[in-house]
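The values are calculated or read from the model by the stated rules, or taken from the named source; none is laboratory data. Please read these numbers as outputs of a predicted model, since none were measured by experiment. Don't worry about glycine lacking a Cβ; one is built from the backbone with ideal geometry, like all the others, and counts go over all protein chains shown. Remember, those area values only see protein heavy atoms, side chains included, never the ligands or the DNA or RNA. Shrake-Rupley method; radii C 1.70, N 1.55, O 1.52, S 1.80 Å.
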Amino acid sequence: MPILARVSVRSVERLSPSFARIELAGDDLADFGNDGPSLDQRIKLLFPAVPGVLPELSGENWYAEWLALPEDERPRMRTYTIRSVEGEGIEKRLYVDFVLHPGAHGPGSDWAGAAEPGDEILVAGPKLGEPYGGIEWLPGDATRLLLVGDETAVPAIVSILESLPADATGSAFLEVPAADDVQDVVAPEGLEVSWLPREGAPVGGPALAAVGGLLGFEATPEDVTSVEVEDPDLWETPDYSSSGEEVSAPANGSTNGSTTGEDGRYAWIAGESRMVTALRRHLVNELEMPRKQVAFMGYWREGVSMKG
Ligand SMILES: Cc1cc2nc3c(=O)[nH]c(=O)nc-3n(C[C@H](O)[C@H](O)[C@H](O)COP(=O)(O)OP(=O)(O)OC[C@H]3O[C@@H](n4cnc5c(N)ncnc54)[C@H](O)[C@@H]3O)c2cc1C
């Protein structure tokens, strides 16, 4: 059962041109969070449809109550990642890193770009001590890791990197709009972190080309522009397929991806749907990487509003 927390902005830190880190506080956060590291834990944020007006939704039936609200009053729901949770009890703080994309307006980015201390939103997320789901980072016993994402996946990737054991190896590619958006990260020595400032290249293009360079398939950044997204809700993980592909449960019945295959590889890829689609074709169709060793997640779509 998720917690629905009413939270207010405590502080806004502009990390870089494209990122704002927002500190959220509220008594309802006392039981919020994960029992272990939050990794790529996704949460739902609900932004006021009418500035400053946030309806009361009761804990248990909040989703049905939210749906029943008239469209023009219904808070706009979008998906984000826990960047971190700090403190205890009613002193707990939730930090979320928002991508600001002022060129294409959306309630999430617009709210974050204008956020001031005291502004309120609702957060639906995990409750301590209760199963919740929403973590897709399941490398099991894989020894060679590949993480790929654009700016929307930076909070998840940075959080995952911070949690890895010191002997983890592999590569992480983080595509961001500009060189000023590069962040300092904590990562194991054997895991090479490459930031890919886009600087006007097509969204997802630099990541596609960089992964091609690593894995040995031909791709230029421009190739991403001709990719057709057939599955608008692209979400392919070892135990879920948005396209309805058959998903086989791990042989040991576990859902923690521990059957990672003989080559010990595991890939986690998230971001704009064209980039994710293109990488899926290369990794699964061309390089024949087994489905159980990869997670492909369309976090957003250029030109499309991700209505919750
Ligand atoms: C599991 C998951 C975790 C996510 N975590 C984060 C996170 O931690 N931080 C974060 O910022 N986002 C994150 N996202 C992505 C975020 O949900 C989308 O970017 C969402 O579209 C933002 O909502 P919006 O209201 O700003 O724009 P929308 O109303 O959804 O879209 C309006 C317009 O803005 C465009 N747009 C949306 N996102 C971007 C972008 N990044 N750059 C340029 N144009 C854009 C759309 O294409 C559309 O044209 C996550 C998504 C998922 C599925």
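Which whole-Hz couplings ³J(HN,Hα) result when phi for each residue of the stretch 267-274 is put into the Karplus expression 6.51 cos²θ - 1.76 cosθ + 1.60, θ = phi - 60°, listed in order with x for Gly and Pro?
These are the phi-based 3J(HN,Hα) values: 10, 10, 10, 8, x, 4, 4, 5 Hz.
Measuring from label point to label point, each 7 Å out along Cα→Cβ, what is the residue 93 to residue 130 span in nm?
Each label point is offset 7 Å from its Cα along the Cβ direction, giving 2.6 nm.
Under the Karplus relation 6.51 cos²θ - 1.76 cosθ + 1.60, θ = phi - 60°, what is the ordered set of whole-Hz ³J(HN,Hα) values for the stretch 210-219, x standing for Gly and Pro?
5, 5, x, x, 6, 9, x, 10, 7, 7
With every protein chain present, what accessible area does residue 137 have (1.4 Å probe, heavy atoms only), rounded to the nearest 10 Å²?
Rounded to the nearest 10, the figure is 20 Å².
Rounded, prolate or oblate for the stretch 1-126? Axes are the square roots of the Cα gyration tensor eigenvalues, ordered a ≥ b ≥ c, and the cut-off for rounded is a/c under 1.5.
Judged from the Cα gyration tensor, the stretch 1-126 comes out oblate (a/c at least 1.5, b/c at or above a/b).
Around residue 169, which amide H atoms from residues at least 5 apart in sequence, or from another chain, sit under 5 Å from its own amide H, with H modelled in the peptide plane?
For residue 169, whose amide H was placed from the backbone, the distant partners under 5 Å are 145.
Which residues' amide hydrogens lie under 5 Å from the amide hydrogen of residue 220, considering only partners 5 or more residues apart or on another chain, with H built in the peptide plane?
none
Probe of 1.4 angstrom, ligands and nucleic acids ignored: what's the accessible area per residue over the stretch 1-105, in square angstrom?
49
For the stretch 282-287, in order, what is each residue's ³J(HN,Hα) by Karplus, 6.51 cos²θ - 1.76 cosθ + 1.60 with θ = phi - 60°, in whole Hz (x at glycine and Pro)?
5, 6, 8, 7, 7, 8
Please tell me which of these pairs span more than 21 angstrom C-alpha to C-alpha: 92/307; 44/127; 44/292; 44/307?
Long pairs (Cα-Cα over 21 Å): 92/307; 44/292.
Classify the chain: rounded, prolate or oblate, from the alpha-carbon gyration tensor (a ≥ b ≥ c, eigenvalue square roots; a/c under 1.5 rounded; otherwise prolate if a/b is larger than b/c)? Don't skip to the end; give the middle numbers.
Numbers: a/c = 1.60, a/b = 1.41, b/c = 1.13.
Because a/c hits 1.5 or more and a/b exceeds b/c, the chain counts as prolate.
Give me the number: length gained by fully extending residue 225 to residue 64, i.e. 0.36 nm times residue separation minus the C-alpha to C-alpha distance, one decimal in nm.
On the way: separation 161, 0.36 × 161 = 57.96 nm, distance 3.88 nm.
Stretched fully, the residue 225-residue 64 segment lengthens by 54.1 nm.
Using a 1.4 Å probe over the heavy atoms of the protein chains, calculate the carbon and sulfur portion of the accessible area of the chain as a whole percent.
49
With n ≥ 4 as the cut-off for DSSP H runs, can you work out [θ] at 222 nm for the chain, using -39500 (n - 2.57) per run divided by the number of residues, rounded to the nearest 500?
Per the formula, -4000 deg cm²/dmol.
Once you have a ≥ b ≥ c as the square roots of the Cα gyration tensor eigenvalues for the stretch 160-244, tell me rounded if a/c is under 1.5, and otherwise prolate or oblate according to whether a/b is larger than b/c.
Oblate, since a/c reaches 1.5 and b/c is not below a/b.
With label points built 7 Å along Cα→Cβ from the Cα atoms of residue 163 and residue 286, find their separation and express it in nm.
3.1
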